[in-house]
C-alpha cells in the first residue's frame with residue numbers, strides 16, 4: 001500500500017492542489033452574493049494554497065531549487081495567514097472579541113526567526129503551528145457557531161464544514177514535516193504515512209474537497225431558503241450530485257489515464273533497460289566463453305598432460321598460443337600443492353598472479369573435476385581480470401594439475417565507462433568495484449552481512465557502507481535510490497557470483513504522467529466552469545416546484561436506486577457500495593471478508609417451459625428462502641437475472657463454504673411452486689487485498705463458472721494463492 005501510494009505522489013499533489021482551487025472557486029461564488037467580506041479571504045486562501053501544492057508537484061516531478069523552495073514556503077505562510085484572517089473577520093462579524101491585525105507581526109517574527117536559524121524546513125513547521133492550526137480551528141468554530149443558529153440543511157452543512165476545518169487543523173497543522181523540535185519529531189508526515197499507509201497530502205486533499213462541498217451545500221441551502229421555491233431545490237440538489245459525480249468521474253478517469261501513461265513508459269523503461277544490460281552482458285559473456293573454451297583445450301592437450309609428468313617441452317608454446325588466441329594476459333599450469341609447472345610468460349608474473357589461487361573457489365572446483373571461472377579485482381591498481389580454470393587429468397583419470405587462463409577486463413571496463421546510464425560491476429558481497437560513476441565506487445549496493453563486514457573493510461579501505469538498496473536484488477524492480485524513484489536491474493555474469501547492475505532514473509516516467517495530469521486539469525476546469533456557470537444562470541429562473549415534493553421524490557429515487565423491484569433485495573448498485581466499504585474495512589482492520597455468488601441451474605428451461613411469470617415467482621420464493629437463513633450482518637443482493645450475491649463480513653472462506661453448503665441442501669430439498677425441485681451452483685472467494693471490486697468479484701465469478709462447468713449443484717472456492725478447488729457432493 002505504502003509503495004503504491006508513493007508511486008502516486010504526483011497525482012496526489014495534483015489532487016491536493018485541485019481540492020483547494022475548488023474551495024477557492026466556491027468561496028468566490030459565495031463572496032459575490034455577500035459583496036466580498038471574509039469570504040474573499042477564504043477564496044484567496046484556497047487559490048493560494050492550491051497553487052502552492054502545484055508548485056510542490058513541479059518540485060517533486062521536474063526540478064527544485066533553493067530559491068524555488070523559499071518562494072513556496074513564503075506562499076504557504078501567506079495562504080495560512082489568509083485563512084487566519086478569514087476566521088478573524090468572521091469572528092468579528094459574529095461579535096466575538098478577536099485581536100486586531102497586529103497579531104500577524106509576532107507570528108511573522110516567529111516564522112522568519114525559524115527560517116533564518118534552521119532553514120525552510122523549520123519555517124514550514126512553525127508556519128503550520130502558528131498559522132494553520134489557529135486559522136483552521138477558529139474557522140471551524142465560526143462555522144459551528146453559525147450552524148447552531150440555523151436548522152435543516154444549513155445546520156448539517158455548517159457542522160460538516162466545521163468538522164472539515166477541525167480535521168484540517170490536525171492533518172495540516174499538527175502533522176508537519178519531520179523536524180528536530182517537539183512535537184514535529186514525533187507527530188510528523190513520516191509517522192502518519194507509516195501508521196496509515198497513505199501520504200497525509202491525500203487526506204488533506206480529501207478534507208479540502210469535503211470542506212468545499214459542505215460550503216457549497218451551505219450556500220445552496222441559504223439560496224433555497226431565500227428563494228422559497230422547490231424548483232430551485234430540485235435544481236440545486238441535482239447540480240450538487242451531478243457535479244460531484246462528474247468531478248469523481250473526471251478524477252478517476254484522469255488518474256487511470258495518468259497511471260496508464262506511466263505504466264506504458266515503465267514497461268518501455270524495463271524493456272530498454274533489459275536490452276542495454278543484455279548487450280553489456282553479452283559483450284562480457286562472449287569474452288568469457290572464449291577463455292573457458294580455450295582453457296579446456298589447453299587442459300586436454302596431450303603435450304600439456306605429458307608436461308605434468310615431465311616428458312614434454314611444448315606446454316609453454318601451447319599456453320602462449322592460448323593467450324594470444326583469447327587476448328589473455330597470462331596462462332599457467334599449477335599442481336595441487338600450488339606450485340607452478342608451466343607459464344606463458346615470466347614466472348614472476350605468474351607467481352604474483354597465482355599466489356592466492358590455491359585458496360580460491362575456482363581451484364577447489366577444478367580439483368573436483370569442474371571447469372570454473374571468476375573475477376579477480378586488484379584494489380591497489382583498480383584493475384580487474386577474468387580467469388577460468390580446468391582440471392588436467394592423468395593417465396588413469398586422476399586430476400594431476402589445473403590449467404588457468406587470466407584475461408584483463410580493461411577493454412570491457414572502457415566500454416562500460418562510455419555509457420551515459422549508471423552501470424555497476426558488483427562483487428559477490430554487494431560492493432561496487434567498477435562503475436562509470438566514480439563517486440559510487442566502493443559503495444555497497446545492498447546491506448552486507450555482519451559476518452563479512454570486517455573482511456570487506458580490510459579489503460576495501462575506502463568502503464562506503466551506505467547501501468543504495470534496502471535489500472538484495474535478484475532480477476529487476478522499482479526502488480528508491482537516495483530518495484528518488486528508479487528502475488534497478490541486475491544480471492549475473494556468466495554463471496558467476498559477480499553481477500552487473502544498471503540504474504535508470506524515472507524523470508521520464510513523471511513527464512509522461514504529467515500529460516495525464518494536464519489533461520485531467522483541463523477536464524476539471526471545464527466541469528467546474530459548466531457547473532458553477534449553470535448554477536448562476538438557472539438560479540433566477542426556477543420558481544414553481546415545492547420543497548416537500550422534491551424531498552419526497554428524492555427519497556423515492558434513493559429507495560428505488562438501492563432496491564431490486566422484483567425481489568425486494570438489495571440491487572447491484574447498493575451491493576457495490578457496501579462491497580467497497582467492507583473491502584476498505586477488511587483491509588484496514590485485517591478482518592476476513594468472503595463473497596458467495598450463486599445462481600439457479602437451468603433457469604432458462606424454467607422460463608421456456610413455464611413462462612417468465614413463473615420464473616419471476618421462483619426468483620421471489622428463492623429470495624425469501626435465502627433471506628431467512630443468513631445473518632443480519634450479511635448482505636444479500638440480486639446481482640442480475642437469476643444470479644445472486646451474498647457478502648459475508650467477518651467470515652473466512654471456510655465459514656462461507658459452510659453457509660453455501662447449507663443453502664445448497666436447503667434449496668434442493670424445497671419444492672417450488674409450479675416448478676418442483678431445482679438446484680443452485682455456488683462460487684466462493686475470500687478477500688485477498690484486491691485493489692478494486694472487479695478483481696474480487698471476478699474470482700468469485702470464476703469459481704461460479706467452474707461450478708457450472710463441473711456439473712452444477714456444487715460449490716467451488718477460488719483461492720488466489722493455491723488455486724484450491726473444493727467439490728461439493730452432488731445431490732442424488
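None of the figures in this text is laboratory data; all of them are computed from the coordinates on show. Source: prediction; values computed, not measured. Counting neighbours? That spans all protein chains shown, and the Cβs are built from the backbone with ideal geometry, glycine included.
Subtract the Cα-Cα distance of residue 452 and residue 156 from 0.36 nm times their separation in residues, and report this length gain in nm to one decimal. Mind showing how you got there, number by number?
Numbers: separation 296, 0.36 × 296 = 106.56 nm, distance 6.51 nm.
Length difference between fully extended and current span is 100.0 nm.
Distance in nm between label sites at residue 279 and residue 260, each 7 Å beyond Cα in the beta-carbon direction?
3.1 nm
Testing the spin-label approximation: label points 7 Å from Cα along Cα→Cβ at residue 580 and residue 519. State their distance in nm.
So the label points at residue 580 and residue 519 sit 2.2 nm apart.
I need 395, 225, 406, 643 ordered by Cβ neighbour count within 10 Å, fewest first. Intermediate values should be presented prior to the final figure.
Working: 395 10, 225 15, 406 25, 643 19.
By the 10 Å Cβ count, ascending: 395, 225, 643, 406.
Sorted from fewest to most neighbouring beta carbons within 10 Å, what does the list 318, 399 look like? Before the final figure, lay out each step's value.
Details: 318 22, 399 16.
So the ranking, lowest neighbour count to highest, is 399, 318.
Based only on other Cβ atoms within 10 Å, what is the fewest-to-most ordering of 610, 718, 49? Write down the numbers at each step before the final one.
Values: 610 14, 718 24, 49 28.
The order, fewest Cβ neighbours first, is 610, 718, 49.
Compute the separation of the alpha-carbon centres of the range 40-82 and the range 88-135 and state it in Å as a whole number.
16 Å
Report the calculated FRET efficiency for residue 670 and residue 526 (r = Cβ-Cβ distance, R0 = 60 Å), to the nearest 0.05. Please list the in-between numbers first.
Working: r = 56 Å, r/R0 = 0.93.
It comes out at approximately 0.60.
Given the range 420-505, report the % of alpha carbon pairs whose separation exceeds 21 Å. It would help to have the intermediate numbers written out before the result.
Working: 829 of 3655 pairs.
For the range 420-505, the fraction of Cα-Cα distances above 21 Å is 23 percent.
Which peptide among 84-97, 409-422, 331-344 comes first, and what is the full order, when sorted by highest mean count of other Cβ atoms within 10 Å?
Numbers: 84-97: 17.7, 409-422: 14.1, 331-344: 19.6.
With the highest mean Cβ count within 10 Å placed first, the list reads 331-344, 84-97, 409-422.
Calculated FRET efficiency, residue 625 and residue 245, Cβ-Cβ r, R0 51 Å, to nearest 0.05?
Working: r = 37 Å, r/R0 = 0.72.
For residue 625 and residue 245, the calculated efficiency is 0.90.
Expressed as a rounded percentage, what relative contact order does the chain have, with Cα pairs under 8 Å and six or more residues apart? It would help to have the intermediate numbers written out before the result.
Values: 1153 pairs, mean separation 64.9, N = 732.
Relative contact order of the chain: 9 percent.
For the chain, take the longest principal axis of its alpha carbons; what is the angle in degrees between that and the long axis of helix 104-118, to the nearest 10 within 0 to 90?
Tilt relative to the chain: about 10 degrees.
Any idea how far the Cα center of the range 558-605 sits from the one of the range 674-716, in Å?
Going from one Cα centre to the other spans 13 Å.
Using a Förster distance of 51 Å, how high is the FRET efficiency between residue 475 and residue 225, based on the Cβ-Cβ distance and rounded to 0.05? Can you show the working numbers first?
Details: r = 65 Å, r/R0 = 1.27.
E(calc), rounded to 0.05, equals 0.20.
Quick one: if you stick a label point 7 Å off each Cα along the C-beta vector at residue 612 and residue 497, how many nm between them?
According to this spin-label approximation, the distance is 7.4 nm.
For the chain, what does -39500 (n - 2.57) per DSSP helix run (n ≥ 4), summed and divided by total residues, give at 222 nm, in deg cm²/dmol to the nearest 500? It would help to have the intermediate numbers written out before the result.
Working: 24 runs with 421 residues, N = 732.
After summing the helix terms and dividing by residue count, I get -19500 deg cm²/dmol.
Taking only Cα atoms, what is the 0 to 90° angle, nearest 10, from helix 38-61's long axis to the longest principal axis of the chain?
That works out to roughly 20 degrees.
On a full-extension model of 0.36 nm per residue, what is the gain between residue 464 and residue 93, subtracting their alpha-carbon distance, rounded to one decimal in nm?
Separation in residues times 0.36 nm, less the Cα-Cα distance, equals 127.3 nm.
Once the Cα atoms of helix 133-147 and of the chain are each reduced to a long axis, what angle between those two axes, in degrees from 0 to 90 to the nearest 10, is obtained?
Helix 133-147 and the main axis of the chain meet at about 30 degrees.
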